[in-house]
Amino acid sequence: MQAFDCAIVGAGPAGMSAALALTQGGADVIVLDRADRAGGQIYRSASSSPLPDAASLGPDYAAGADLITRFERSGAKHLAGADAWHIGDDGRILFSYQGDTRELHCREMLLCPGAMERPMPIPGWTLPGVMTAGAAQVMLKSDAVVADGAVFAGSGPLLYLIVAQYLRLGVRVAALVDTTPRRHYLDAAPLLPRAWRQVGQLRKGLSLLREIRAAGVDTYRYAENLEVIGEETAKGLRFSISGQPHEVSADTVFLHHGVQPNLNMTRAMGLAHHWNNAQMCWQVTVDEFGQSAISHVSVAGDGAGIVGADGACAAGRVVAQNMLYHLGRVSRTGRDRNSHADLYYLSSMKPFRRFIDCLYRPTEALRLPRDTETLVCRCEEQSLGDLRAGFEQGARDPNALKSLTRCGMGPCQGRQCGHVVTGLLAQWRKESPDAVGYYRLRSPQRLLTVDELGRYNTIPAEAAK
Amino acid sequence: MFRSLQSDDHNLITLSVNGRSVKARKGQSVWSAMAVASEVVTRKAALSGNARSAYCAMGVCFECMVEIDGLANQQACLSRVAEGMNVSTQVITEDTEADAGL
Amino acid sequence: MKADALIIGGGIQGCATAYHLARKGVSVIVVEKDYAGRHASGVNAGGVRLLGRDMAEVPLSKASMEMWQTLDEELGHDTGFRRQSLINIAADEGDLDTLRAREAKMHEAGYAYERMIDQAELRDRLPHVNFDCVGGVISELDGYAIPYKATSAFRLAAENLGAKVIEGEEVLSLRRVGNTWLAQGSRNAYEAEAVINCAGAWADRIALMIGDNVPLSHAAPMLMITARMPHFAKPVVGAVSRQLSFKQFENGTVLIGGGAKGFADRANNRTRLDYAKLAAACRTTAEFFPNMRKASINRMWAGLEAYMPDNLPVICPAVNAPRAFHAFGFSAHGFQMGPIVGQVLADLVTGGQSRFNLSPFRIDRFDRKVL
Ligand SMILES: Cc1cc2nc3c(=O)[nH]c(=O)nc-3n(C[C@H](O)[C@H](O)[C@H](O)COP(=O)(O)OP(=O)(O)OC[C@H]3O[C@@H](n4cnc5c(N)ncnc54)[C@H](O)[C@@H]3O)c2cc1C
Ligand SMILES: Cc1cc2nc3c(=O)[nH]c(=O)nc-3n(C[C@H](O)[C@H](O)[C@H](O)COP(=O)(O)OP(=O)(O)OC[C@H]3O[C@@H](n4cnc5c(N)ncnc54)[C@H](O)[C@@H]3O)c2cc1C
Ligand code: FES
């Protein structure tokens, strides 16, 4: 088995920045990512865009290409197409690479699995034609594929960004249905003065909205009671504003109301997690250096709590300093000195984050299903009504509910239903999400064929290299 | 309707989706190739048999599981197209019977 | 809190005992440190198996098997039980010899439910089996149930009859004062006339509180389950001399076992998996059923199970204290026994008698042996 000073899972902004700092500090580093190219979500394909005009994605995206180049030249070993399926707290990682399971060992382990979009279990959300707004962006960035005449619904900066990107590329958008409630503007207003320090970020957000308005896209604000219409596939979106019904026809409906950390890796390892009430999601419990209760396991970037791309870069660098300290390559004071500026930046980001989290807080109406028939578990087709029946049969714990109803047992391993189940049980038990808890997860992180696992441990050591 | 913003015809390969011959670009995801070809149904849901399609395009929903070259449960959004590849909508519901065996 | 009987452990043994006691009008409290069905009883392979049992267990297991056939109606809740038969495959002539010897022993004891099958019948019942396999043995009554559902069915039926199940309550100490057992839980105190130890992998600790020593060990058998596959195997499948064990549920998923053990961390309620052993289980499965090579493993896990040195359970009154009873140590095959164990314990608690010969299951059966 190959051994490294540091292994990083995820080559997004957090993982790449950490790798840069670690190699600069003299550590020997391997970075695994299932994608063919480094970049993560925001800088996906930034170094090899299939788009005729990648500049239309905005200056942030272009900046990614530079980070990727520096990362590729850093001397860190980047294993693209390596899908980690087991991450052990003993420093062992099992991953699929070119059809085989390989194994490596490391002294220090850094997990940067990033974020995923928060599921939006509204009626009809399982119909073909309904996707997340992030999906629109993934298809755009990696394959230059777009949907004409789509409706975008929800709230949050990422939603407005992708609409703007579509418009710049001349793709027709049927409507933007904004669900940010009026109340949130009032709640967020008092936080604005302190957030002002991040004036650049605020400007970016405002200019996106202006851009969308200027393009003349039908924009609906304060939308409620969303429902995808259609029998076999999506035919449009129905919603109401101040009690007035509205309908927009579209074959494609893109939903978005924020992102949440990818939990499966940190959960399967058994790390402690807590409920983040501002972001309405679970997040792994780590200290300011990203270090978990297991001292050689750290987590950085959106996977440790949503911080955005710049925050992920800073967090990656900070964690790297702490890992170098663990490896005996910098002193404690060296670590503190080297991470001072980034830690300061991260704390100065907080007021802005608080403002954004407050303004775009996911509403309960979109976080939790309302109709008994609406599916919570897409894989095993378990509806709100099914879960309620299970609860009434005594399954008060997410795992008991899972055992009884199969909710969360399918291939997505609870990624789509987990937060919803915590939310529902918290409501029904009248307890906090922390008291309710989450699924006990296990490796593998994804489906693994009997053939592949069967060959594990039989591959000769040289071939494994 | 999905379409590609790339108009040139470099690096095209041919694969089959549900028996239809489909052109796609080298390196493209199987899902986006299906989307552009209007073959959006990736699988049938296990209990109801309802049509499903890709939802997240980033590997976290498993809605895009298709059969690729005879191997089921392949995430189309994470798989890349290849010349001559055979892709089909995955139909494994609770009632699906296997072939006759021996 | 007071009751006639205090049951420690909300697994299938504890819940079934609660049900049978409540049926007899006994007031019952079950205390469970996590939630009912959290451990072995909720996460096991669901095998409801009579085939290949140790002779000492056969009478209990046979009686339990009869109860399984009508358990859903009796409890008024779904246990997921399906009678699908169980086949142990003979890979070669040596296996057939083993089966013939077993058959002779079974016939001598008067049991006829295990029947040898030839290659043609094997292929007919399992069309996807490896061509080289030569035959096997079948038990028609066998099948599977859904572990958590079955445990929960007993619990709900017991609650319907007035039993109380208290979750998140760990028994920390136990002592007898006068004619009463006093139990201190992590949250409440309990009093009962009789106490029943159904604490699974932790049962040696409860036994110690009662005053009985027992050479119990614990381990973490591992399981894997696949995503749904087209139906190809109705019977539950095992092998005579290999670590093969799988079953395809009605929903199409295939559960692969085989007895490989991971790492048991009982103190922390945790188990870890041994991937090299799971890989070996994959190879064995694919060897017997080549179509399984393409199966996609969806989840892997392990459960904490209690083992006795002779792989037979402890089912008996306590030796060193009055009005205390034990049922534990099922050594990875106690799920099937749940229904009858509940009845036997209820009989012991209320009448002091059982219609079964329980001497192989005494807690002190190792006392005189030099281990
Ligand atoms: C769909 C989507 C689109 C987004 N688009 C934007 C945007 O345009 N602009 C913006 O400002 N922010 C965007 N965000 C937010 C953005 O993700 C973060 O701000 C930033 O990318 C976080 O960086 P990170 O390094 O923490 O994680 P990520 O950039 O998400 O990187 C995580 C990496 O880990 C890899 N990975 C995960 N699990 C495994 C595994 N088991 N094995 C191997 N590799 C694995 C992934 O392939 C990925 O490359 C988006 C988020 C999502 C979910
Ligand atoms: C992976 C696996 C596969 C198996 N497959 C099969 C199979 O196919 N067929 C079969 O027949 N059997 C099988 N078994 C065995 C079967 O599951 C067990 O024998 C049976 O479930 C034991 O039931 P129980 O009630 O004694 O134990 P458990 O279900 O473990 O219940 C004991 C309970 O006691 C609780 N407890 C312990 N200490 C305390 C305390 N101090 N205070 C309060 N509560 C306490 C525990 O939390 C636990 O919930 C398998 C077991 C495992 C682990
Ligand atoms: S579309 Fe969600 S996993 Fe592929």
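Based on this model, can you work out whether C:Ile7 counts as touching a Ser or Thr at 6+ places or on another chain (Cβ under 6 Å) and assigned to a strand (DSSP E or B)? Here the answer is yes, as C:Ile7 does meet what is asked.
Name the residue that is farthest from the chain's Cα centre (by Cα), counting only residues in segment B:23-57 that are more than 26 Å from B:Ser7 (Cβ to Cβ), hydrophobic (A, V, I, L, M, F, W, C) and within 16 Å of ligand 3 (Cβ to nearest atom).
B:Ala46
Yes or no, residue by residue, for (1) assigned by TED's automatic domain parsing to the domain that holds C:Arg100; (2) within 16 Å of ligand 3 (Cβ to nearest atom); (3) buried (at least 22 other Cβ atoms within 10 Å of the Cβ); (4) not in a strand (DSSP E or B):
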| site | (1), (2), (3), (4) |
| --- | --- |
| C:Val195 | no, no, yes, no |
| C:Trp202 | no, no, yes, yes |
| C:Arg205 | no, no, no, yes |
| C:Leu208 | no, no, no, yes |
| C:Met222 | yes, no, yes, no |
| C:Arg228 | yes, no, yes, yes |
| C:Val237 | yes, no, yes, no |
| C:Arg242 | yes, no, no, yes |
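Total residues in segment A:142-160 satisfying the condition of being within 16 Å of ligand 3 (Cβ to nearest atom) and surrounded by fewer than 24 Cβ atoms within 10 Å (Cβ to Cβ): the figure is 0. Checking each residue in segment C:288-304 for being in contact with a Gly (Cβ under 9 Å, 6 or more places away or on another chain) and not in a strand (DSSP E or B) picks out C:Asn291, C:Arg293, C:Lys294, C:Gly303, C:Leu304. Among the residues of segment B:89-102, those that are more than 8 Å from chain C (Cβ to nearest Cβ) and surrounded by 18 or more Cβ atoms within 10 Å (Cβ to Cβ) comprise B:Thr89, B:Gln90. Out of the residues in segment A:360-387 that are of a type in the set (A, V, I, L, M) and surrounded by fewer than 22 Cβ atoms within 10 Å (Cβ to Cβ), state the one that is farthest from the chain's Cα centre (by Cα). Applying the filter and picking the extreme gives A:Leu384. Identification of helices (runs of 4 or more DSSP H) wholly contained in segment A:290-409 with 1 or more residues that are under 23 Å from A:Gly10 (Cβ atoms) yields A:308-326, A:332-359.
Here's a check for you: in segment B:54-72, which residue that is at the interface with chain C (Cβ under 9 Å from one of its Cβ atoms) and more than 14 Å from B:Val41 (Cα to Cα) is surrounded by the fewest Cβ atoms within 10 Å (Cβ to Cβ)? Per the criteria, the residue is B:Gly70.
Of the residues making up segment B:73-82, those that are buried (at least 23 other Cβ atoms within 10 Å of the Cβ) and either among the aliphatic types (A, V, I, L, M) or more than 14 Å from ligand 1 (Cβ to nearest atom) (or both) are B:Asn73, B:Ala76, B:Val81.
Scanning segment B:13-34 finds no residues that are within 13 Å of chain C (Cβ to nearest Cβ) and either more than 16 Å from ligand 2 (Cβ to nearest atom) or touching a strand residue (DSSP E or B) at 6+ places or on another chain (Cβ under 7 Å) (or both).
Among the strands (runs of 3 or more DSSP E) lying completely within segment A:1-88, list those that include at least 3 residues that are within 14 Å of ligand 1 (Cβ to nearest atom) and under 17 Å from A:Val318 (Cα atoms). Strands (runs of 3 or more DSSP E) meeting the threshold: A:2-9. Taking segment A:412-437 as the range and being outside any helix (DSSP H, G or I) and surrounded by fewer than 22 Cβ atoms within 10 Å (Cβ to Cβ) as the test, the residues that pass are A:Lys430, A:Glu431, A:Ser432, A:Gly437.
Restricting attention to segment A:137-164, which residues are more than 8 Å from chain B (Cβ to nearest Cβ) and of a type in the set (Gly, Ala, Ser)? Scanning segment A:137-164 gives A:Ala150, A:Ala153, A:Gly154, A:Ser155, A:Gly156, A:Ala164. Restricting attention to segment B:31-53, the residues that are buried (at least 24 other Cβ atoms within 10 Å of the Cβ) and among the polar types (S, T, N, Q) total 3.
The values are calculated or read from the model by the stated rules, or taken from the named source; none is laboratory data. The structure displayed is predicted, hence computed values, not measured ones. Because the Cβ atoms are built from the backbone with ideal geometry, glycine has one as well, and the counts that use them run over all protein chains shown.
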